[in-house]
Amino acid sequence: MPIESIMIWIWLGIFVLSVIIEAVEPDLVSIWFAAGALLAIILSIIPGIPFWVGIIVFLVIAFVLIFAIRPLAKKYLYKKEVKSNIEEKIGEKCVVIKAINELSHGEVKLNGVIWTAVAKNKSEVFEEQAVVTIIGVDGNKLIVEKAENGKEEK
């Protein structure tokens, strides 16, 4: 029995396996191999085409789709997370209204709203009216550090 007569079943197996892997781990990798296998199935149905032509078509189609279409597909299928309102405030400056030290959380005022704040470096102390920069968010607390110029920007 020549190998060309069983290639349709081999390609069908690769197709099914690729689809199952993509369903289990949807990272847009194995679906491109399924597309290559589908074209190889079509070629293996046509009499007189050698099996190596199907292998070449499978590899070329799979890798072209991975490198050409996968980045576009990921861009449109996996949208980036939208930042919350407070995450957009990272980098802004605010004024300390209750001292921040390593023993207690302090408070800062940002756009008229009072927030609990902690220092990035636990050993830092910020007195009232000090200007700090927001560098992160931890739950409902702002993580702050000393502002570059030490003056409040308005």
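Restricting the first member to region 90-108 and to residues that are in the same structural domain as G139 (by TED's automatic domain parsing), and the second to residues that are among the acidic types (D, E) and assigned to a strand (DSSP E or B), the beta-carbon pairs closer than 7 Å and six or more apart or on different chains are I97/E107; K98/E107.
Scanning region 115-124 for residues that are surrounded by 13 or more Cβ atoms within 10 Å (Cβ to Cβ) and assigned to a loop (DSSP other than H, G, I, E, B) yields a count of 2. The residues in region 3-45 that are in contact (Cβ under 8 Å) with a residue 40 or more places away in the chain and either surrounded by 14 or more Cβ atoms within 10 Å (Cβ to Cβ) or closer than 19 Å to V60 by Cα (or both) can be counted, and the count is 7.
Have a look at V60, V53, V132, V108 and point out the one that is surrounded by fewer than 13 Cβ atoms within 10 Å (Cβ to Cβ) and either assigned to a loop (DSSP other than H, G, I, E, B) or modelled with pLDDT of 90 or more (or both). Checking each option against the conditions leaves just V60.
The values are calculated or read from the model by the stated rules, or taken from the named source; none is laboratory data. Being a predicted model, the structure only gives us computed values, none of them experimental. Methodologically, a virtual Cβ is constructed for each residue, glycine included, from the backbone with ideal geometry; neighbour enumeration extends over all protein chains shown.
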